[in-house]
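Okay, so here's the structure we're looking at.
Just so you know, all these numbers are worked out from the coordinates, no wet-lab data involved. This one's a predicted model, so the numbers in the text were calculated from it and none came from an experiment. Methodologically, a virtual Cβ is constructed for each residue, glycine included, from the backbone with ideal geometry; neighbour enumeration extends over all protein chains shown.
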Amino acid sequence: MTNFVSHTSPLDALTHALGEQLSKGKNKLEQDFREAYPILEEHIARKMRKKILVDQFNAAYKHELNLIQFRKLLKEERARRHADGDATRCQSCGQLLVEAEENTSAETTGEDA
């Protein structure tokens with residue numbers, strides 16, 4: 001049986017179609033990543049390997065990110081939150097987690113392999 005959705009106007013149809021697109025594909029990935037971002041940053045600050053984070057993110061959200069895509073999303077989300085003034089802080093000490101990552105990134109060049 002086919003499920004047809006009737007809309008009262010073209011605007012309603014457009015609103016519905018665009019809403020469905022937000023829950024699919026790249027938009028879904030970006031939404032899921034934004035949702036998971038604070039916990040990901042917390043674990044990065046605790047020096048968890050990004051490969052493990054990618055694997056766990058993929059398992060939890062049913063995506064197929066690779067490490068390069070993960071790093072790109074991480075960089076974009078950090079920039080977006082920084083521009084919005086919404087930097088993630090450690091729940092216990094209050095330190096900016098991005099700053100913690102930047103401070104240790106020079107010391108750990110091969111940790112993500």
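Annotations
- Order by protection proxy (mean Cβ within 10 Å, highest first), peptides 63-75, 38-50, 9-21: 38-50, 63-75, 9-21
- For the pair ARG71 and ASP86, the difference between a 0.36 nm per residue extended length and the Cα-Cα distance amounts to 3.5 nm.
- Added length on full extension, which subtracts the Cα-Cα distance from 0.36 nm per residue, LEU14 to LYS26: 2.4 nm
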